[in-house]
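The values are calculated or read from the model by the stated rules, or taken from the named source; none is laboratory data. Computed from a prediction, not measured in an experiment: that's the story for all the values here. Quick reminder, even Gly has a Cβ in these numbers, built from the backbone with ideal geometry, and neighbours come from all protein chains shown.
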Amino acid sequence: MIAALICVASLAALLQFFMAHSRAVIAVYRRSELSEQVREVAGIEGQNVSSEQFGRLVQLVRLCPQKSDDQTDLKVVGVYYRMMGVLRSVGRAFSSRISAWAESERSACAYFAAVALDRRIANSRDLLAQQMGEN
């Protein structure tokens, strides 16, 4: 019985740490402004990114040359996005506030993916400029 209680408490602590880490990663990317080029490529209007665009944005990110510093963050935010999708669905049955919060978190995940796309495009542009300068 005590072992089960310790296991449940450990899993709860792990989940809490994962959520805090995910939100911290998203918060760092949230400070970045999206370029007009990414807005045009991704079809984003205004400052808000729809949560439904997350999958398409991640696919676009994967098409760009890989930057080693954001690959783990993409995986973490992807898991967090799916968790918030489950919470949004479950939250609809219990509380509209929970569902609305989960949807806003999913939108933040989509914004994260848009910023990651923007950074990869900028990185590709810099690499191309370096190669053109060497010739």
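I'm checking my understanding of the structure. Among residues of the stretch 84-127 that are modelled with pLDDT of 85 or more, basic (Lys, Arg) and touching a helix residue (DSSP H, G or I) at 6+ places or on another chain (Cβ under 7 Å), which one is surrounded by the most Cβ atoms within 10 Å (Cβ to Cβ)?
Residue satisfying both the conditions and the ranking: ARG106.
Can you tell me how many residues in the stretch 75-115 are touching a Lys or Arg at 6+ places or on another chain (Cβ under 6 Å) and acidic (Asp, Glu)?
So the count comes out to 1.
Considering only helices (runs of 4 or more DSSP H) fully contained in the stretch 19-98, which possess at least 2 residues that are within 12 Å of LEU117 (Cα to Cα) and touching a residue at least 12 places away in the same chain (Cβ under 8 Å)? Lay out the reasoning, then the answer.
Values: elements: 36-42, 54-63, 71-94.
It comes to 36-42, 54-63.
Does PHE54 meet the test of being within 11 Å of TYR111 (Cα to Cα) and either basic (Lys, Arg) or surrounded by 14 or more Cβ atoms within 10 Å (Cβ to Cβ) (or both)? Write out each step before concluding.
Numbers: within 11 Å of TYR111 (Cα to Cα): yes; either basic (Lys, Arg) or surrounded by 14 or more Cβ atoms within 10 Å (Cβ to Cβ) (or both): yes.
Against the criterion (within 11 Å of TYR111 (Cα to Cα) and either basic (Lys, Arg) or surrounded by 14 or more Cβ atoms within 10 Å (Cβ to Cβ) (or both)), PHE54 qualifies.
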